[in-house]
1. Among the residues of segment 70-77, are any on the phi < 0 side of the Ramachandran plot, in a helix (DSSP H, G or I) and within 22 Å of the chain's Cα centre (by Cα)?
2. All but one of (1) surrounded by 10 or more Cβ atoms within 10 Å (Cβ to Cβ); (2) at pLDDT 95 or above hold for N60; which doesn't?
3. Which one of the conditions (1) assigned to a helix (DSSP H, G or I); (2) under 25 Å from the mean Cα position of the chain (by Cα); (3) at pLDDT below 95; (4) loosely packed, with under 10 Cβ neighbours inside 10 Å does I7 fail to meet, given that it meets all the rest?
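The values are calculated or read from the model by the stated rules, or taken from the named source; none is laboratory data. This is a predicted model, so every value here is computed, not measured. Every residue, glycine as well, gets a Cβ built from its backbone with ideal geometry; the counts of neighbours run over all protein chains shown.
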Amino acid sequence: MATVYDIRRGLIDKILAIQNKEFLQALDQLIVSSNSGADIVETTPEQKLMLEMSEDDIKNGRLISQEAMNKRNLEWLNEM
């Protein structure tokens, strides 16, 4: 498996071979836009409330297995 360094070096080599100015500008824009705020996730008040409710469910043991959830979903879909 390639390391981050290997991938980066390969990309640099490929970029250096590109002569198309418009392509390079588009690639630059793609890289700039993908890095802006990539680590920041904004949540709405409703999402925050749902996450808090989920944490409360976990703390109080209100859980269901994936197998049981799959069974419920199949039953629900069959009722439609």
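1. Going residue by residue through segment 70-77, those that are on the phi < 0 side of the Ramachandran plot are 70-77.
Filter again for in a helix (DSSP H, G or I), leaving 70-77.
Right, trim to within 22 Å of the chain's Cα centre (by Cα) and you get none.
No.
2. (1)
3. (4)
To keep it simple, each residue is scored yes or no on (1) of a type in the set (A, V, I, L, M, F, W, C); (2) at pLDDT below 95.
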residue: G37; (1), (2): no, yes
residue: I40; (1), (2): yes, yes
residue: E46; (1), (2): no, no
residue: M50; (1), (2): yes, no
residue: D56; (1), (2): no, no
residue: W76; (1), (2): yes, yes
residue: M80; (1), (2): yes, yes
